[in-house]
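Engineer: After the structure tokens below, expect a handful of questions from me.
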Amino acid sequence: MTSQKDESLMSIILNAQPTEERQKQHIRMPAKCFNTTSGTSLTCRIHPVVILTILDSYVRRPDGASRSIGTLLGYVSDGNNLDITDCYTVIHNEAAGEGVSVMDVKMDQDYHRAMCKLKQTKSKKEGVVGWWSTGTAIPDSSVIYHTWYWGKDSNFVATQSLPSPVHLLVSTDVTAPELAIKTFVMQRSEPIADLVSFHEIPREIRAFAPERAGLAMLQRAQRETDAEVAKEMGETVGKSEGEHSMEGFQGAVSNLVSLLKTAQAYVRDVRAGKRTGDPEVGRALTKALCSECFNNVEEFEGLCGNGMHDTLMVVYLSHLTQAQIALAEKITEQVAATVVDA
């Protein structure tokens, strides 16, 4: 249950005011809300880039702001799976009135629509599926934002699988052992029209292959930063940068070998009649094997050799560029010293 506040907070109707270009606009607020568990079959699959964008937005929030909010983009797949693939921040303002428990909530709706249009030029498949905010609880003002995202002005399109927008709540408490991430949908109570409730729905973190590679690079960069800090403080450094890079490469190769062994064992069991084959698994294996066609081993070795040559060329050019920059700096210093002496 949310805290008991003045009933005027639940029935406030903000007067419409003339809007100017890029002006923050008022939105309405319904009644009290509470949280509960939902029996819906909808499952949210959140991509890591969404969480990283939300955390970055919270770090860059304006001075005095208690939280950040924004729009979620994604699409419904496989009937009841909601893929949340992208998001962006929306400028807002929450100011409490003096002497009364009334909250004046404003939101830059023009910015939201402009960003939504820009994002959809990149991917027409993605649409507005809800909104996000940082924090550990759902305050009363969240009902205002959720109600607005439920309307047509937010570009949200209700479907049978997604009748209402999704609210993603991300905790920014760094003292907690895990990052709390929750997803909710809002439903209105039939007996009491002014009573709404947020129902928590299942969620999972789902990453594409490029996102997993990016996360691995971020983890490696964090280890390298920790090693540099420890070295500056005179502490013993466990592993060098090259050892960390080799460790990551070996881990990726080991994971690939493990997956190949699992697939090989599955195929052998199916061919021996020990287990029933799954058509979906068979199609996935066929797609993976046919994605790159090689006529012989020599062709495969030649492709690997060309890739190695390209990599070495890039490394050589990068080192050459660094040497040229260092040489240019030395020449600039010498010329500056000569001019001063003259």
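Engineer: So if each residue of separation counts as 0.36 nm, and I subtract the Cα-Cα distance between residue 212 and residue 332, what length gain in nm does that give?
Structural biologist: Extra length from residue 212 to residue 332 when fully extended: 38.9 nm.
Engineer: Starting from the residue with the highest accessible area, list 332, 147 in decreasing order, probe 1.4 Å.
Structural biologist: From most exposed to least exposed: 332, 147.
Engineer: Something else now. 5 Å is the cut-off here: which amide hydrogens, built 1.01 Å from N in the peptide plane, fall below it relative to residue 186, excluding neighbours closer than 5 in sequence?
Structural biologist: Amide H neighbours of residue 186, under 5 Å, 5+ apart: 199.
Engineer: Can you work out ³J(HN,Hα) from phi for every residue in the range 125-138, in order, using Karplus 6.51 cos²θ - 1.76 cosθ + 1.60 and θ = phi - 60°, giving whole Hz and x for Gly and Pro?
Structural biologist: 6, 7, x, 6, 10, x, 8, 10, 8, 9, x, 10, 9, 9
Engineer: Please work out the average accessible area per residue across the range 117-231, using the 1.4 Å probe convention, and give it in Å².
Structural biologist: 57 Å²
Engineer: Moving to a separate point now. Amide H to amide H, which residues 5 or more places from residue 72 or on other chains are under 5 Å from it, using H placed in the peptide plane?
Structural biologist: Distant-sequence amide H within range of residue 72: 129, 130, 131, 132.
Engineer: OK, next. Which ³J(HN,Hα) values in Hz, rounded to whole numbers, follow from the phi angles of the range 227-232 under the Karplus curve 6.51 cos²θ - 1.76 cosθ + 1.60, where θ = phi - 60° and Gly and Pro get x?
Structural biologist: So the J values, rounded to whole Hz, are 5, 5, 5, 5, 5, 5.
Engineer: In addition: Taking 28 Å as the cut-off for C-alpha to C-alpha distance, list the pairs among 125/261; 122/152; 119/287; 182/287; 152/182; 106/152 that go past it.
Structural biologist: 125/261; 119/287; 182/287, as the Cα separations exceed 28 Å there.
Engineer: Let me ask you something else. Residue 288 to residue 93: FRET efficiency via 1/(1 + (r/R0)^6), r the Cβ-Cβ distance, R0 45 Å, to the nearest 0.05?
Structural biologist: 0.35
Engineer: Quickly rank 276-286, 200-210, 41-51 as a protection proxy: mean count of other C-beta atoms within 10 Å, highest first.
Structural biologist: 41-51, 200-210, 276-286
The values are calculated or read from the model by the stated rules, or taken from the named source; none is laboratory data. The structure displayed is predicted, hence computed values, not measured ones. Neighbour counts are summed over all protein chains in view; Cβ atoms, including those assigned to glycine, are modelled from backbone coordinates with ideal geometry. For the accessible areas, the whole protein counts, side chains as well, though only heavy atoms, and no ligand, DNA or RNA atoms are used. Shrake-Rupley method; radii C 1.70, N 1.55, O 1.52, S 1.80 Å.
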